[in-house]
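All remarks here apply to the structure that follows.
No lab work stands behind these numbers, since they all come straight from the coordinates. This structure is a prediction, so every number in the text was calculated from the model and none was measured. Heads up, the Cβs are rebuilt from the backbone with ideal geometry, glycines too, and the neighbour counts pull from every protein chain shown.
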Amino acid sequence: MEYLERDFDDGIISNHNFRENSQSLENQEYKPDSFIQEKILDVLEIIGLAWWIEIVTQNPTCTYYFGPFVSAKKAQIEKNGYVEDLIEEGAIIFQIEIKRCRPQNLTVFAEE
């Protein structure tokens, strides 16, 4: 099926093949609107259902929180990047946990 498209700036009318355009749209990956995702994440965070990556390190002895994430799967996907960054900074990773929580601070230093 063909349709006409008019460019009102130039007054040009061009033919387009509807089937070709719709097939190219079918091959595109669906990505939800980031604004909607952010709002969902805000709600999850408020009610304590957002997912966080908790990484406990030695040298320095700290607990780091990375997130929030909509799902544990998304946190799992992002985890390696945070671990690599901490290792590059010289931290020794002691424990990693993906959990639902509401951290008060993103970095918690152990009391000496």
| the stretch 32-112: projected area of the alpha-carbon convex hull, averaged over directions, in nm² | 5.6 nm²
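Defining a contact as two alpha carbons under 8 Å apart and six or more residues distant in sequence, what relative contact order in percent does the stretch 34-109 show?
Numbers: 119 pairs, mean separation 30.5, N = 76.
The normalised contact order for the stretch 34-109 reaches 40 percent.
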| Phi to ³J(HN,Hα) by Karplus 6.51 cos²θ - 1.76 cosθ + 1.60 over the stretch 78-93, Hz, x for Gly, Pro | 7, 3, 4, x, 5, 4, 4, 4, 5, 5, 4, 7, x, 6, 9, 6
| task | Obtain the nm distance between the two label points defined at GLU84 and ILE47 by a simple spin-label model: each point lies 7 Å from its Cα along the Cα-to-C-beta direction. | result | 3.5 nm
